[in-house]
1. May I ask you to work out the translational diffusion coefficient for segment 30-147 at 10 °C, viscosity 1.306 mPa s, via Stokes-Einstein with Rh from the Kirkwood sum over Cα pairs, reported in whole µm²/s?
2. Nearest 500 deg cm²/dmol is fine: what mean residue ellipticity at 222 nm does the chain get from its DSSP H runs of n ≥ 4 alone, each adding -39,500 (n - 2.57), divided by its residue count?
3. How would you classify segment 92-152 from its alpha-carbon gyration tensor, with a ≥ b ≥ c the square roots of the eigenvalues: rounded for a/c under 1.5, else prolate if a/b is greater than b/c, otherwise oblate?
4. Can you list the lysines whose alpha carbon sits under 19 Å from that of LYS132, skipping same-chain ones fewer than 8 residues off?
Amino acid sequence: MSFRSLNVDQYESDFLREEDLFPPRETPADEVNQQVAAVVDQARSAISGGNAAASLPAFLSDPPYGYDVEEAKSQFLAAFLDVLSNIRLSDIPDLLKSLSVDQHTYLMNYIYKGLAEPAKYNSAVLLNWHQKLVEIAGVGCIVRVLNSRPDL
């Protein structure tokens, strides 16, 4: 009997799932949806008030993750990228310098998510953010995104 034709699952029923790779979220999905709605409302009011940069730290402090909150994650991404597109190019470097390393990583992650859907989001704005972020944070934030959670 060849080892390649042997069904290992008959001996071991455990198998690794993608959900098992990362610790589960402690907050329930309903609470995550409420938090995202609050952050999105805060972002919309900041944009209408002309101070979109004020809402950026709220987005980067606790982004939604998990496999059971896809709708909340898509709302979060749309509002987040709307905030990025409403921040002036000249304000970006000072804003990036005030963020932590984790916030740089989350920002790069969402920039890549936006670039993955060019029909929905303005790639020119995202590429400007990418350029400024790499200048300030270095290529380390790119490496951290490539090795980060897939469920963000």
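All of the numbers you see were taken from the coordinates with simple rules; none came from a lab. Quick caveat: nothing in here was measured; it's all calculated off a predicted structure.
1. Details: Rh = 14.4 Å.
Rounded, D is 111 µm²/s.
2. About -17500 deg cm²/dmol.
3. Note, shape of segment 92-152 comes out oblate.
4. Candidates past the 8-residue exclusion: LYS97, LYS113.
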